[in-house]
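Read the structure below first, then the notes.
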Amino acid sequence: MDRITEQDVFKALENREMQVYYQPQYDTLTKGLRGAEALVRWFRSDGSLVMPGAFIPMLEESSAILALDWYMTERVCEFLDKQKKMGICQVPISINYSRRHVQEARFVEQLCEIADRYQVSHRLLIVEIMESVLEEKAEQVIALVKKVREAGFKVAIDDFGSGLSSLSFVKDISVDYLKIDRSLLSGNCEDEKERIVLESIFMFAHRLKWTTVAEGVETTEQFNFLKTCDCKLIQGYLFAKPMPEADYLQVCRDNSQETGNDYFWQLQETYGALNLLMEAVLMCYPLIIMVNLSRDSYYMMAYDNFSTKTVASAGTYEELIAGGAKSMHPEDRELFTHTFSVENQLAAIERGEKSVRVVTRQLGDDGIYRRIETTNYFVNNPYVDDVFAVTLSRSIEE
Ligand code: C2E
Ligand code: CA
Ligand code: CA
């Protein structure tokens with residue numbers, strides 16, 4: 001094949017040789033269709049197929065990539081309009097946007113203009129941006145993402161875990177989806193370290209209320225492991241390869257015939273049920289702390305606005321007790337520190353006690369003392385011999 005030039009690509013766009021393929025995304029628990037990613041396929045006039053890997057890197061070197069992405073946006077909107085008119089069930093479609101769009105002054109305006117021209121509801125379009133873009137131009141991207149979401153579109157971080165992956169941006173950005181790169185699944189999830197990395201990614205994403213999507217899922221082993229991580233959506237050859245529009249329409253048709261009692265199955269699944277249970281427990285006990293007494297460490301889960309200003313959300317157990325005591329009434333500090341000292345707790349376990357409880361007065365952000373009940377429940381962890389405690393804390397003021 002001759003070397004592909006930018007001119008070839010522009011001509012191909014003009015002649016509509018570029019087609020949109022759709023790769024479905026399925027709900028991990030119910031297997032229902034939840035979305036699709038639009039991927040470009042170039043069918044040349046001689047009938048040959050050119051995959052994106054053969055020309056996208058070249059387009060990325062200049063602003064030519066912008067033309068392709070806007071062309072894809074236009075084709076997807078055209079499709080969504082047609083699908084709506086056919087009365088077929090619609091799910092959001094993800095479109096890839098190159099890093100170069102960050103420089104476009106009118107990105108959001110152009111997106112609105114195309115969507116509105118085809119009367120496509122903004123919530124049906126997901127803007128995919130690669131994680132690596134954030135490493136380069138974090139501030140600009142954060143501002144752009146905010147604007148895109150304010151206009152009603154969804155945003156996904158693509159290829160998460162593929163790059164140098166600094167987690168520091170996570171606290172500054174709000175998105176809707178996190179797409180976990182397939183390189184993280186490479187070892188079939190058999191490697192312990194690989195599993196730990198994946199589990200922690202899903203944990204933080206879910207706590208930020210981002211919808212997680214695992215990409216490139218090819219085996220049942222990967223799928224089963226992803227289920228245990230509570231990964232929400234699956235995109236990969238195991239369920240479906242990228243397909244032409246007609247085939248994708250059929251997938252959507254088949255999906256509309258589903259019975260729609262998905263939530264019932266979600267509740268039957270341990271992880272779905274656990275999530276709900278967790279919500280309820282946090283309502284009763286707005287502060288939950290997982291403590292490893294053997295390793296002098298803790299990890300905190302706090303309900304939205306529960307005040308935890310005096311202690312960090314993770315650290316050493318000693319710091320936790322010292323920080324906790326600081327927020328108590330001076331007369332209660334001694335009792336608190338003694339009760340929750342490691343020695344006192346180990347002694348309680350030795351005596352066969354299941355928990356340790358105190359009521360203290362704690363200073364709220366409003367300067368008022370409230371009675372707080374703090375209980376440490378001693379629990380066994382089936383995986384390690386360490387001594388664990390779960391702290392449940394709540395205000396007992398009426
Ligand atoms: P991507 O955004 O990570 O898209 C997913 C790629 O993984 C697609 O490759 C898809 O076919 C492939 N894939 C999906 N499931 C599996 C699986 O189970 N196993 C394996 N081995 N691969 C799987 P594709 O279509 O070749 O696209 C490659 C890349 O090209 C995309 O990676 C995306 O970065 C880029 N691209 C595609 N279309 C566009 C576009 O319209 N605009 C821009 N800017 N980039 C695009
Ligand atoms: Ca993508
Ligand atoms: Ca990807």
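The values are calculated or read from the model by the stated rules, or taken from the named source; none is laboratory data. Please read these numbers as outputs of a predicted model, since none were measured by experiment. Glycine gets a Cβ as well: all are built from the backbone with ideal geometry, and neighbour counts include every protein chain shown. Keep in mind that these areas ignore ligands, DNA and RNA; they rest on the heavy atoms of the full protein, side chains included. Shrake-Rupley method; radii C 1.70, N 1.55, O 1.52, S 1.80 Å.
Quick grid of which residues meet (1) touching a residue at least 60 places away in the same chain (Cβ under 8 Å); (2) touching a strand residue (DSSP E or B) at 6+ places or on another chain (Cβ under 7 Å); (3) within 15 Å of ligand 1 (Cβ to nearest atom); (4) open to solvent by 80 Å² or more (accessible area, probe 1.4 Å):
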site	(1), (2), (3), (4)
GLY163	no, no, yes, no
CYS189	no, no, yes, no
LYS193	no, no, no, yes
ILE196	no, no, no, yes
ILE201	no, yes, no, no
TRP210	no, yes, no, no
LYS227	yes, no, no, no
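Which condition breaks for ASP385 when tested against (1) surrounded by 16 or more Cβ atoms within 10 Å (Cβ to Cβ); (2) out of contact with any strand residue (DSSP E or B) (no Cβ under 8 Å at 6 or more places or on another chain)?
Of (1) surrounded by 16 or more Cβ atoms within 10 Å (Cβ to Cβ); (2) out of contact with any strand residue (DSSP E or B) (no Cβ under 8 Å at 6 or more places or on another chain), only one is false for ASP385: (1).
When you go through (1) closer than 15 Å to TYR97 by Cα; (2) crowded, with 20+ Cβ neighbours inside 10 Å one by one for SER132, which number turns out not to apply?
(2)
Looking at (1) assigned to a helix (DSSP H, G or I); (2) open to solvent by less than 90 Å² (accessible area, probe 1.4 Å); (3) without any contact (Cβ under 8 Å) to a residue 24 or more places away in the chain, find the lone condition where THR375 falls short.
In the conditions (1) assigned to a helix (DSSP H, G or I); (2) open to solvent by less than 90 Å² (accessible area, probe 1.4 Å); (3) without any contact (Cβ under 8 Å) to a residue 24 or more places away in the chain, THR375 misses (1) alone.
Every residue, every condition in (1) of a type in the set (S, T, N, Q); (2) in contact with a Lys or Arg (Cβ under 8 Å, 6 or more places away or on another chain); (3) open to solvent by less than 40 Å² (accessible area, probe 1.4 Å), yes or no:
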{"position": "GLN7", "(1), (2), (3)": "yes, no, no"}
{"position": "LYS11", "(1), (2), (3)": "no, no, no"}
{"position": "GLN23", "(1), (2), (3)": "yes, yes, yes"}
{"position": "GLU37", "(1), (2), (3)": "no, no, yes"}
{"position": "ALA54", "(1), (2), (3)": "no, no, no"}
{"position": "ALA64", "(1), (2), (3)": "no, no, yes"}
{"position": "LYS82", "(1), (2), (3)": "no, no, no"}
{"position": "LYS85", "(1), (2), (3)": "no, no, no"}
{"position": "GLN90", "(1), (2), (3)": "yes, yes, no"}
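Here are some residues: GLY352, GLY367. Which one is loosely packed, with under 13 Cβ neighbours inside 10 Å, modelled with pLDDT under 90, more than 30 Å from PHE204 (Cα to Cα) and not aromatic (Phe, Trp, Tyr)?
Step by step, each of GLY352, GLY367 is checked, and only GLY367 is loosely packed, with under 13 Cβ neighbours inside 10 Å, modelled with pLDDT under 90, more than 30 Å from PHE204 (Cα to Cα) and not aromatic (Phe, Trp, Tyr).
Within region 303-319, identify whether any single residue is outside any strand (DSSP E or B), farther than 21 Å from VAL379 by Cα and at pLDDT 85 or above, and answer yes or no.
yes
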